Structures are given as structure tokens and as C-alpha cells.
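First comes the structure, then the notes that go with it.
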């Protein structure tokens with residue numbers, strides 16, 4: 001159900017099936033807890049193979065996003081099917097909690113921890 005890949009920039013959780021049961025929510029929660037102990041600052045949850053996500057797994061993602069941010073880490077979602085984005089993100093205002101991107105590369109580029117000091121200075125007008 002969850003394939004874990006690690007890169008220099010992120011830990012990527014690739015979900016390979018719809019998230020529709022309490023068991024799957026528990027498995028996702030356990031995986032996120034394990035990843036939270038990891039050194040990675042960025043966790044990307046790739047949902048490109050998923051067509052359905054029910055409320056339980058979504059609650060797990062939102063709760064862990066808040067926990068990660070307290071530890072100066074981040075969770076980003078990629079590859080959301082349009083119906084998931086509409087139904088879950090918009091209806092529960094999840095789009096104000098978890099950032100979504102089309103691709104893993106887009107999510108990695110967006111992570112502020114991945115921006116060099118020079119790039120940060122240019123972005124914020126410092127010389």
C-alpha cells in the first residue's frame with residue numbers, strides 16, 4: 001500500500017491504493033510516525049495512483065502536517081485526482097493546511113529548506 005523512497009531532499013510516500021478503510025488510516029499513521037523520527041525535513045505523499053480518500057486517512061494527514069510543522073518539517077501532497085482535491089481539500093479547508101503540487105519535483109522546489117542562502121537573499125531582496 002505505501003512504498004517509501006528517500007532522496008537527498010525528501011522522503012516520499014507513494015500510496016498505491018485507495019484509502020477507504022480504518023486499517024489503511026492506521027497504516028498511514030504508523031508510517032508517518034516512523035517518518036517523523038527520520039532526519040528528513042520534507043515528506044511528500046504521492047497520491048497519483050489514488051482515486052478515493054475517505055475522512056479518516058485525510059484526518060491523519062492533516063494532524064501529522066501540524067505536528068511536522070512544529071518540528072520545522074513539512075508534508076506536501078502531489079498527484080491528487082481532481083475529485084479528491086475538490087471533495088477533500090475544498091470541503092474541509094484542507095488546502096489551507098497542506099500544500100498540493102502536480103509533481104514531486106514541484107513540491108521539492110517549493111520547500112523553503114531547499115532554497116540556498118543566495119536564492120533566499122534574491123527572493124527577499126537582500127544583497
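What follows is calculated from the coordinates using simple rules that are stated; it is not laboratory data. Since this is a predicted model, take the numbers as computed values, not measurements. Glycine gets a Cβ as well: all are built from the backbone with ideal geometry, and neighbour counts include every protein chain shown.
General observations
- A straight chain from residue 33 to residue 51 at 0.36 nm per residue would run longer than the Cα-Cα distance by 4.1 nm.
- Spin-label model distance (nm) - residue 20 vs residue 103, 7 Å beyond Cα toward Cβ: 3.1
- Stretch gain in nm, segment residue 110-residue 86, where the contour uses 0.36 nm per residue and the Cα spacing is subtracted: 6.4 nm
- Label zone at residue 71 (point 7 Å along Cα-to-Cβ), backbone N below 13 Å, region 1-27: 11
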